[in-house]
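Colleague: Before I ask anything, let me first share the structure, which is written out below as structure tokens.
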Amino acid sequence: MLEGVLHLADGRRIAYAEWGSQSDPVAIYCHGYPGSRREIRLSAPVIERRGVAARVIALNRPGYGPSSFRPGFGFLDWPSDVEEAADRLGIGRFGVIGASGGCPFAFACGRSLGDRVSRISIVVGAAPPEAAGMRDGLGIAGIPERAISRTLQYGVVSVASRLGLASPITDRMQQGMAEVDREMLRRPEVRSWFAAVVREAFSNGGRAAVAEGPLYLKPWSFDVGDVATETTLWYGARDRNVPASAGRWLADRLPNATYTEWPDQGHFTWAASDAAADVVAAAVADTHESDGGRQ
């Protein structure tokens, strides 16, 4: 696993991690909320064991870890950062993976970058709050948005203030998870991975997560029906964070989508299972090796 920092034309930094051969087709991974590039560490051994040829590159969004904070950052601001990062890494065409809170950012890439995005894989992806079951999954049904935003801000700051303590981080974020996810996080190696992901996310404080959180609480800044890129959606039937009904809602509105529901997966369990290899393989299915570098 390689980690680095790219310097963008406007002076900002964007942190990335990558796994795989540079000759393999590329999938750019959009991390969850709150999350970081280190999410891909858990899936890398599964991808290798399954023999999936893919170069997976995870980018930290603005303000997470070493990536520079960008005031007013929204879903549709992300594609330009992704495009510049791809240029600097010598990548031509690529697939995009959106995990959990990374879903709208992945869709924004498909909407804005045209044929440069070959495929989209959405895994347990957050849908707009009006999607079926989404407000229940967010735990915000019947609560005024202003109250939600204030609670979110205080909660994020609270977690960020206890960064040095892995157990409180994971304990706090397990609240409301499905039992299959809590069981997975009892494994020491997974618990360590989860704490590392969150620790990186908040290593520069909580303002990125505080600023991003409200984006998930209101209608998206674009119509998902405008995303024509071929998309595969993957959801866990046992997921309590993002219910599978939200995935079906998205599938009904996307013009070119295939929906898959895993009967035994939760919100996190897929990342350490063969399902992770399936998600990556789908993302690079139409991205040929010759597209892995700029010509």
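Colleague: Tell me whether the stretch 56-68 contains one or more residues that are over 18 Å from E212 (Cβ atoms) and among the aliphatic types (A, V, I, L, M).
Modeller: Checking the stretch 56-68: at least one residue is over 18 Å from E212 (Cβ atoms) and among the aliphatic types (A, V, I, L, M).
Colleague: Still on this structure, please answer the following. Considering only residues that are of a type in the set (S, T, N, Q) and either free of Cβ contacts under 8 Å to residues at least 12 places away in the same chain or within 18 Å of W220 (Cβ to Cβ) (or both), which ones fall in the stretch 62-80?
Modeller: S80
Colleague: Quick check, is G98 modelled with pLDDT under 95, within 21 Å of A276 (Cβ to Cβ) and either crowded, with 17+ Cβ neighbours inside 10 Å or among the aliphatic types (A, V, I, L, M) (or both)?
Modeller: No.
Colleague: For E83, work out the one condition from (1) within 18 Å of the chain's Cα centre (by Cα); (2) in contact (Cβ under 8 Å) with a residue 60 or more places away in the chain; (3) assigned to a helix (DSSP H, G or I); (4) surrounded by fewer than 22 Cβ atoms within 10 Å (Cβ to Cβ) it doesn't fulfil.
Modeller: With (1) within 18 Å of the chain's Cα centre (by Cα); (2) in contact (Cβ under 8 Å) with a residue 60 or more places away in the chain; (3) assigned to a helix (DSSP H, G or I); (4) surrounded by fewer than 22 Cβ atoms within 10 Å (Cβ to Cβ) applied to E83, the lone miss is (2).
Colleague: Looking at V96, is it in a helix (DSSP H, G or I), within 21 Å of T232 (Cα to Cα) and of a type in the set (V, I, T)?
Modeller: When the stated conditions are applied, V96 does not pass them.
Colleague: Okay, moving on. Within the stretch 1-17, work out how many residues are within 15 Å of V82 (Cβ to Cβ), without any contact (Cβ under 8 Å) to a residue 60 or more places away in the chain and in a strand (DSSP E or B).
Modeller: Residues flagged as within 15 Å of V82 (Cβ to Cβ), without any contact (Cβ under 8 Å) to a residue 60 or more places away in the chain and in a strand (DSSP E or B) within the stretch 1-17 amount to 3.
For (1) buried (at least 22 other Cβ atoms within 10 Å of the Cβ); (2) more than 15 Å from the chain's Cα centre (by Cα), each residue gets a yes or a no:
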position: R13; (1), (2): no, yes
position: R41; (1), (2): no, no
position: G51; (1), (2): no, yes
position: R61; (1), (2): yes, no
position: F69; (1), (2): no, yes
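Colleague: So G125 clears everything in (1) modelled with pLDDT of 95 or more; (2) assigned to a helix (DSSP H, G or I) except one condition, right? Which one?
Modeller: Exception for G125: condition (2).
Colleague: Has the stretch 58-75 got any residue that is modelled with pLDDT of 95 or more and in a helix (DSSP H, G or I)?
Modeller: yes
Colleague: Follow-up. Could you check how many residues of the stretch 217-241 are buried (at least 16 other Cβ atoms within 10 Å of the Cβ) and either in contact with a Pro (Cβ under 7 Å, 6 or more places away or on another chain) or basic (K, R) (or both)? Outline the logic, then answer.
Modeller: So the first thing to find is which residues in the stretch 217-241 are buried (at least 16 other Cβ atoms within 10 Å of the Cβ), and the list is 217, 220, 222, 224, 227, 229-236, 238-241.
From what is left, the residues that are either in contact with a Pro (Cβ under 7 Å, 6 or more places away or on another chain) or basic (K, R) (or both) are 217, 220, 238, 240.
Counting residues in the stretch 217-241 that are buried (at least 16 other Cβ atoms within 10 Å of the Cβ) and either in contact with a Pro (Cβ under 7 Å, 6 or more places away or on another chain) or basic (K, R) (or both) gives 4.
Colleague: Right, something else. Can you list the helices (runs of 4 or more DSSP H) found entirely within the stretch 181-275 that contain at least 1 residues being among the aliphatic types (A, V, I, L, M), under 27 Å from M1 (Cβ atoms) and touching a residue at least 12 places away in the same chain (Cβ under 8 Å)?
Modeller: Output list reads 188-201, 207-212.
Colleague: While we're on this one: I'm trying to understand the selection: among the residues of the stretch 276-292, which are in contact (Cβ under 8 Å) with a residue 24 or more places away in the chain and part of a helix (DSSP H, G or I)?
Modeller: A276, A277, D278, V279, V280, A281, A282, A283, E289, D291
Colleague: Let me ask another. Of (1) at pLDDT below 95; (2) over 15 Å from the mean Cα position of the chain (by Cα), G90 satisfies all except one. Which?
Modeller: (1)
Colleague: I need the full set of residues from the stretch 22-46 which are part of a helix (DSSP H, G or I) and either within 17 Å of V124 (Cα to Cα) or in contact with a Leu (Cβ under 8 Å, 6 or more places away or on another chain) (or both), in order please. Working first, answer last.
Modeller: Going through the stretch 22-46, the residues part of a helix (DSSP H, G or I) turn out to be 37-46.
Answer for the stretch 22-46, where residues must be part of a helix (DSSP H, G or I) and either within 17 Å of V124 (Cα to Cα) or in contact with a Leu (Cβ under 8 Å, 6 or more places away or on another chain) (or both): R37, E39, I40, L42, S43.
The values are calculated or read from the model by the stated rules, or taken from the named source; none is laboratory data. The shown structure was predicted, so the numbers you read here are calculated from the model rather than taken from an experiment. Positions of Cβ are backbone-derived with ideal geometry, glycine not excepted, and every protein chain shown enters the neighbour counts.
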